[in-house]
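Scroll down for the structure; my scribbles are underneath it.
The values are calculated or read from the model by the stated rules, or taken from the named source; none is laboratory data. Values in this document were obtained by computation on a predicted structure and should not be read as measured data. FYI the Cβ positions are ideal-geometry reconstructions off the backbone, even for glycines, and counts take in every protein chain you see. When the accessible area is computed, the model is the full protein with side chains, heavy atoms only, and any ligands, DNA or RNA have been set aside. Shrake-Rupley method; radii C 1.70, N 1.55, O 1.52, S 1.80 Å.
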Amino acid sequence: QVQLVESGGGSVQAGGSLRLSCAASGRTFSRYDVAWFRQAPGKEREFVAHITYGDGLTYYADSVKGRSIISRDNSNNTVYLQMNSLKPEDTAVYYCAACSATLSRRAETYGCWGQGTQVTVSS
């Protein structure tokens with residue numbers, strides 16, 4: 001198991017950028033795929049992006065593809081989500097997740113979650 005702590009959220013205007021960080025504790029972090037999810041008020045938690053533990057392959061939801069970059073620094077036990085050209089519909093609490101047995105876009109497959117960081121985009 002790992003403990004995850006997100007940071008970097010905030011309030012920005014449409015078109016702006018934010019870089020979210022997910023800091024992990026635990027020596028096995030580098031062995032886990034890591035994902036970002038988000039949840040807007042009244043909506044289900046949805047997949048945003050994930051990155052594999054070995055070769056760092058990345059996958060994105062269509063809603064953020066081309067505007068976001070997920071990366072990881074295993075030496076610092078940190079995964080990042082750079083978000084550009086933000087839109088009001090990106091407003092949500094963003095969570096990082098790990099401890100999944102499979103590479104998945106389904107939130108229920110991940111056993112480790114951070115507390116979330118709020119992203120608010122105004123028009």
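What the table below lists for this structure:
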| item | result |
| --- | --- |
| Members of segment 25-56 found to be surrounded by 11 or more Cβ atoms within 10 Å (Cβ to Cβ), part of a loop (DSSP other than H, G, I, E, B) and at pLDDT 95 or above, listed by number | ALA40, ARG45 |
| Among residues of segment 1-21, those that are modelled with pLDDT of 95 or more, touching a strand residue (DSSP E or B) at 6+ places or on another chain (Cβ under 8 Å) and over 13 Å from GLN118 (Cα atoms), counted | 5 |
| Inter-residue pairs, beta-carbon under 6 Å, first closer than 18 Å to LEU81 by Cα and in segment 19-30, second open to solvent by 50 Å² or more (accessible area, probe 1.4 Å) and of a type in the set (A, V, I, L, M), 6+ apart | ALA23/VAL5 |
| Count of residues meeting criterion [part of a loop (DSSP other than H, G, I, E, B) and either open to solvent by 60 Å² or more (accessible area, probe 1.4 Å) or hydrophobic (A, V, I, L, M, F, W, C) (or both)] in segment 73-105 | 8 |
| Residue match in segment 86-94 (condition: on the phi < 0 side of the Ramachandran plot and touching a helix residue (DSSP H, G or I) at 6+ places or on another chain (Cβ under 8 Å)) | no |
| Test: residue in segment 58-66 that is out of contact with any helix residue (DSSP H, G or I) (no Cβ under 9 Å at 6 or more places or on another chain), under 17 Å from LEU18 (Cα atoms) and open to solvent by less than 60 Å² (accessible area, probe 1.4 Å) | yes |
| Segment 10-24, subset assigned to a loop (DSSP other than H, G, I, E, B) and open to solvent by 30 Å² or more (accessible area, probe 1.4 Å), residue farthest from ARG72 (Cα to Cα) | ALA14 |
